[in-house]
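The values are calculated or read from the model by the stated rules, or taken from the named source; none is laboratory data. Note that this is a predicted model, so its numbers are computed, not measured. A quick note on method: Cβ atoms are made from the backbone with ideal geometry, for glycine too, and the neighbour counts reach across all protein chains shown. Ligands, DNA and RNA are stripped out before the accessible areas are found, and what is left, the full protein with its side chains, is counted by its heavy atoms. Shrake-Rupley method; radii C 1.70, N 1.55, O 1.52, S 1.80 Å.
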Amino acid sequence: DIDLSQAFAWRNYQLLRSGGSAGIVLPRSVLAGSGTIKWREEVLDHAKLAQLTLLINSRYWIFPVHPQYNIGLVVVSRASSDEVILKGPFTSYERFAAGRDQSVRIKTSVFKSWSSTYAFPRLPSEASVDVFLQLRSHPRLDSDDGFEFRPVAELHTTADKRFYDFDLKDPKGDVRVLGGKSFEIWNPDFGQPYAYAYSDQVIPYLEGKLRNQRNNRRSAFYGLTDEQLTPRPWERARIAFRDVARSNDTRTTKVALIPPGSLLVHKAPYLLRQQGTALDEAYLLGVLSSIPFDWYARRYVELDLTFELLNPMPVPRPVADDPLRLRVIEIAGRLAAVDDRFGAWATAVRVPVGSVTDQEEKDDMICELDALVALLYGLSEAQFRHVFETFHVGWNYEARLAVSLKHFEYWGTRL
C-alpha cells in the first residue's frame with residue numbers, strides 16, 4: 001500500500017537548498033512509523049528537524065478526518081541547529097493559541113539516543129522530559145537481563161482463514177481463536193472470540209510452523225530447545241496484547257493473561273517467554289498493566305502497538321527478592337488467575353485462583369500496582385503525580401491518584 005505522505009516528506013526535504021527551510025504538515029505516522037525511519041535518520045543526521053508542533057484533531061478542529069488523529073506541523077531546515085524543538089500536543093485552537101510559545105528543547109544528539117527508530121515522542125510539557133528520561137533509564141523489554149520475552153504473532157486473520165469457524169453462536173470448531181477485542185486489562189473474557197478453529201487441522205499446522213521458526217535466525221523461536229517449548233505456547237497461560245492501540249484512548253497498552261488452549265490472531269500478539277519463570281511473567285504482566293508503563297507507551301503509539309515500538313520500551317529489572325517486585329507478582333498473579341483455567345500458572349506463581357471477587361478490593365490492588373511500578377521506575381512523588389495529570393486529556397484521575405499515593409507513601413517508607 002503506497003503511503004503518499006512518505007513521498008511528500010522526502011520530496012520536500014530533497015527540494016531544500018543549503019540554508020533553506022520548509023514548513024510542512026504531516027501525519028504523525030511519518031514522525032514515528034517504521035516506513036520513515038530512514039527519512040528521520042537523514043533529516044536528523046544531515047539536515048535539521050528544527051521544530052515539531054503536534055496537534056490532536058479532537059472534534060475535527062483541524063481537518064475533517066478521524067477526530068483523534070495526530071498531525072504534525074513540521075519545520076525542516078538545512079540551516080545550522082543542534083536542538084529539536086517540540087510543542088504540544090494541542091487538542092483545540094484555544095490550547096494551541098495559549099501554548100504555541102511554550103516548547104521543550106532537546107539536544108539533537110540526546111534526542112537521537114532516545115529511540116533506535118528516531119521516533120518522535122509526545123511530551124506534554126518540559127516536566128515530562130524528566131519523567132520520560134527516568135522511565136527510559138531502565139532496560140528494554142526485549143533485554144535478556146534476568147528474563148527475556150519477545151512478541152510473537154500466532155495466526156493471521158487472512159492467510160490462515162481456512163482454519164476458522166465464524167459461527168460464534170453454534171461453532172463446530174473446538175478451539176477458541178481470540179482477537180484484540182476478546183480481552184481487556186485483567187479480563188481475559190471481555191469480548192467474544194474472533195472465531196473458532198478445528199484443532200485437528202490447526203494444531204498440526206502450528207507444529208510445522210514452529211519447526212520452521214526454530215531454524216530461522218530472525219524468529220523469536222530460534223535456538224529454543226524442546227524442553228523450553230514443552231508445553232507448547234498455546235498450551236500455556238500467556239500474556240497477549242492488543243495490536244490496535246491509540247494514544248488518545250482511555251488506555252493504550254491493553255494486555256491480559258490468556259488461558260491455556262486458546263489461539264491468537266496477529267492483531268492479538270503474545271509475549272513468548274524465552275528465558276525466565278512464571279514469576280517473571282506475572283511481574284512483567286503487572287508492569288505492562290500499570291499507568292506508568294502506559295504513560296511511556298503513549299509517548300510513541302499512534303494507531304498500532306507494533307513490535308518495533310514495544311521492544312525498546314523500558315521495564316525495571318529488580319533483584320529476585322526485591323519486596324516491590326514480590327508484591328507486584330502477588331497482585332498481578334491474583335488479578336490474572338481469575339478461575340481454574342489458570343490453575344497451573346497460579347500454582348507456579350504461588351497465588352490462589354479466583355481470590356479477587358470484591359470490586360473494591362480489585363480497584364485498591366490496581367492502585368497499589370501503579371504505585372509499586374512507579375517506585376520500581378524510581379519516580380518521585382511529583383513525577384508520579386505528573387504521570388496521572390498528563391495521562392489522558394479530561395480524565396477524572398483524582399480519586400485513583402489519591403489511593404495510589406497512599407500506597408506510594410507506604411511502600412516508599414519501607415525501602
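Of the residues that sit in the stretch 133-181 and are among the charged types (D, E, K, R) and under 18 Å from the mean Cα position of the chain (by Cα), which one is farthest from residue 376 (Cα to Cα)?
Per the stated criteria, the residue is 181.
Between a first residue in the stretch 309-321 that is closer than 12 Å to residue 143 by Cα and a second residue that is charged (D, E, K, R) and part of a loop (DSSP other than H, G, I, E, B), which pairs have beta carbons less than 7 Å apart while being 6 or more apart in sequence or on different chains?
Cβ pairs passing all conditions: 311/142; 314/136; 317/145.
Among residues belonging to the stretch 3-29 that are closer than 23 Å to residue 57 by Cβ and without any contact (Cβ under 8 Å) to a residue 12 or more places away in the chain, point out the one that is most open to solvent (accessible area, probe 1.4 Å).
Among residues in the stretch 3-29 that are closer than 23 Å to residue 57 by Cβ and without any contact (Cβ under 8 Å) to a residue 12 or more places away in the chain, the one most open to solvent (accessible area, probe 1.4 Å) is 4.
Listed here are the residues, each with its yes/no results for (1) more than 28 Å from residue 58 (Cβ to Cβ); (2) touching a strand residue (DSSP E or B) at 6+ places or on another chain (Cβ under 8 Å); (3) open to solvent by 50 Å² or more (accessible area, probe 1.4 Å); (4) of a type in the set (Asp, Glu).
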{"site": "364", "(1), (2), (3), (4)": "yes, no, yes, yes"}
{"site": "369", "(1), (2), (3), (4)": "yes, no, no, no"}
{"site": "373", "(1), (2), (3), (4)": "yes, no, no, no"}
{"site": "378", "(1), (2), (3), (4)": "yes, no, no, no"}
{"site": "391", "(1), (2), (3), (4)": "no, no, no, no"}
{"site": "401", "(1), (2), (3), (4)": "no, no, no, no"}
{"site": "409", "(1), (2), (3), (4)": "yes, no, yes, yes"}
{"site": "415", "(1), (2), (3), (4)": "yes, no, yes, no"}
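Residue 165 - would you say it is farther than 30 Å from residue 332 by Cα and modelled with pLDDT of 95 or more?
Considered against the rule, which asks whether it is farther than 30 Å from residue 332 by Cα and modelled with pLDDT of 95 or more, residue 165 comes out as yes.
In the stretch 298-334, which residue that is of a type in the set (A, V, I, L, M) and more than 20 Å from residue 375 (Cα to Cα) is surrounded by the fewest Cβ atoms within 10 Å (Cβ to Cβ)?
Among them, the one singled out is 303.
In the stretch 294-308, what residues are touching a strand residue (DSSP E or B) at 6+ places or on another chain (Cβ under 8 Å) and assigned to a helix (DSSP H, G or I)?
296, 307
How about the stretch 1-36: which of its residues are under 30 Å from residue 95 (Cα atoms) and of a type in the set (A, V, I, L, M)?
Passing the criteria: 4, 9, 22, 24, 25, 26, 30, 31, 32.
Just checking: which of the strands (runs of 3 or more DSSP E) contained wholly in the stretch 77-154 hold 3 or more residues that are surrounded by 14 or more Cβ atoms within 10 Å (Cβ to Cβ)?
83-90, 148-152
If residue 32 satisfies all but one of (1) of a type outside the set (S, T, N, Q); (2) open to solvent by 60 Å² or more (accessible area, probe 1.4 Å); (3) out of contact with any Pro (no Cβ under 7 Å at 6 or more places or on another chain); (4) touching a residue at least 24 places away in the same chain (Cβ under 8 Å), what's the number of the condition it fails?
All conditions are met except number (2).
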